[in-house]
Structure formats: structure tokens, C-alpha cells
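Shown next, in C-alpha cells, is the structure this report addresses.
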Amino acid sequence: MLRRLLITLILVVLGLPLALAENIVQVSEQAGQGNAYVLTDGYTCTNASPPPCNPINSGVETLTVSNLPVYFSFNTDLDVTVPNPVNQNESALLTLSVRSTEAGAALGGLVEQGGFSGSFTIIDNSGGVNQGYNLLSGTFAGSASVSGISGGTEMTLSDTDTGTLPNEVQFTSAYLSFVHYSGTEAASFTLSNLSAALTLDLNDFLESNTGSGVDTFSATPQPPVTTAEPETLLLSGAALLGIGLFLRKRKLQPYF
């Protein structure tokens with residue numbers, strides 16, 4: 001704990017920014033698409049009253065959507081790699097396919113099923129010069145989860161890179177450049193207007209459902225390179241010396 005505090009204090013003293021993830025892309029359904037996202041229960045049973053259950057899907061939960069007409073918007077601070085500009089709210093097609101064989105759980109008023117892996121693609125469908133471009137695509141390595149309030153009408157598929165899973169989420173694009181981002185990426189597919197209450201079946205898999213979505217993709221920017229002034233370095237040195245003396249004194253204190 002003290003080590004983490006010391007690192008944070010050093011960053012503050014030196015005037016180094018603490019990088020936070022920022023939204024880089026948002027995707028929303030075009031009007032009239034209805035509940036195009038389909039969650040399929042991995043243990044849909046052929047018999048009427050489980051258990052026991054004769055699963056149709058052999059214990060594989062899926063969340064899919066295919067060629068869904070969407071609008072694609074992006075952070076204008078992002079670099080682009082092609083000369084043809086993409087408009088905000090560019091017409092595109094979204095395809096998503098993730099699967100899990102991991103049972104879910106209920107915790108308090110929430111339900112969650114993890115272990116999802118798969119991919120998504122967002123392809124330009126504007127009919128213009130960018131037609132067919134891969135605006136954004138990505139993969140989930142196996143730690144994505146679907147969660148929401150038990151009995152609610154919303155659920156979220158989410159995944160993010162972590163210190164132990166640095167390559168959990170991977171973005172690629174033929175249009176956008178991520179050169180100024182550190183590689184920490186995250187994706188969130190928020191589905192609303194569910195066709196049924198969000199619940200787990202008797203085998204702890206999420207019950208089949210459908211919904212309409214708004215999707216957000218984020219990444220952590222690289223910290224800017226700054227050069228400290230001599231006065232700043234002097235103050236920083238004094239502050240770090242004080243922190244070091246404080247920690248040394250604390251270490252030498254007897255414990256009672």
C-alpha cells in the first residue's frame with residue numbers, strides 16, 4: 001500500500017499525468033432495427049422441467065448480432081490512416097459473436113456470466129469512397145462477461161485489459177490509428193429493452209434474451225513527454241527526500 005502511495009506521490013510531485021481511459025468510439029443502432037442482439041442460453045432444454053436438462057446447445061452460451069446497421073462515431077483526437085474522412089455518425093454494419101462455457105452466478109441483486117471470448121467487426125456501409133473499410137474490429141481473449149440487475153431490462157457485455165491480462169482486448173482498424181494510445185483497451189456493449197427479465201437458468205447460465213444496443217470502446221492515451229524546469233526538479237528532489245525520510249522513520253519505529 002505504501003509503495004503504491006509513494007509511486008502516486010512521485011507522479012504528482014513530478015507533474016506527470018495519471019493516464020485515464022477515454023472513449024474513442026461509440027456505436028448506436030440505426031432506427032427500426034429492434035432487438036437485434038441475441039443471447040442464447042447454453043442450457044436450453046429439450047425436456048420441460050429440468051433438472052435434469054438435455055441441453056440443445058451443449059453448455060455453450062452465445063451473444064451474437066450479424067450485419068446490424070449502426071452509426072459509427074469517433075473521437076476526433078484520433079489519428080487517421082487514410083486520406084478519406086469518415087463522417088460522424090457514419091453508416092456501418094456491426095457483427096458480434098462471443099461464446100462462453102463458464103457458469104454464471106448471482107451476487108446480491110446482480111447476475112453475471114463470465115468467460116466469454118470472440119470478436120466484433122464494424123464495416124463502413126456509407127456507399128461512398130470508404131465503403132467496405134474496417135472502421136474498427138476487435139477480439140476478446142476469454143475474460144469478457146455479461147452482467148446486469150437480476151430481473152432487469154438491461155445487460156452489458158464488457159471486457160478490458162488488465163495488468164495480468166494485457167492482451168485481453170485487441171483493437172484493429174484500417175482507418176483509425178492507435179499510435180498515441182498505450183494499448184490498454186476496453187469495450188462495452190450495453191443492451192436495453194430486453195425481451196425478457198434478466199435471469200439465470202437452473203444451471204446458472206443466462207436465460208435466452210434479445211436487446212438493442214449502444215456500444216462504447218475506450219483506450220488509454222500515452223502520457224505526453226515533458227521536460228521539467230530546473231526549479232521543478234529542485235522542488236521534486238526536496239519532496240522525494242522528505243517522503244524517503246518519512247518512510248525510513250516509519251520502518252525504524254518499533255511495533256507494539
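Observations on the structure shown:
- Hey, residue 124 acidic (Asp, Glu), modelled with pLDDT under 95 and either at negative phi or surrounded by 17 or more Cβ atoms within 10 Å (Cβ to Cβ) (or both) or not: no
- Just one residue in the set 143, 188, 119 is touching a Leu at 6+ places or on another chain (Cβ under 9 Å), over 24 Å from residue 78 (Cα atoms) and at pLDDT 95 or above; that residue is 143.
- Selection status of residue 172, in contact (Cβ under 8 Å) with a residue 24 or more places away in the chain and either surrounded by fewer than 14 Cβ atoms within 10 Å (Cβ to Cβ) or on the phi > 0 side of the Ramachandran plot (or both): yes
- The stretch 89-123, residues that are part of a strand (DSSP E or B) and out of contact with any strand residue (DSSP E or B) (no Cβ under 9 Å at 6 or more places or on another chain): 107
- The lone exception for residue 86 - which of (1) at positive phi; (2) part of a loop (DSSP other than H, G, I, E, B) it fails: (1)
The values are calculated or read from the model by the stated rules, or taken from the named source; none is laboratory data. All values reported here derive from a predicted model rather than from experimental measurement. Cβ coordinates were reconstructed from backbone atoms using ideal geometry, including for glycine residues, and neighbour counts include every protein chain displayed.
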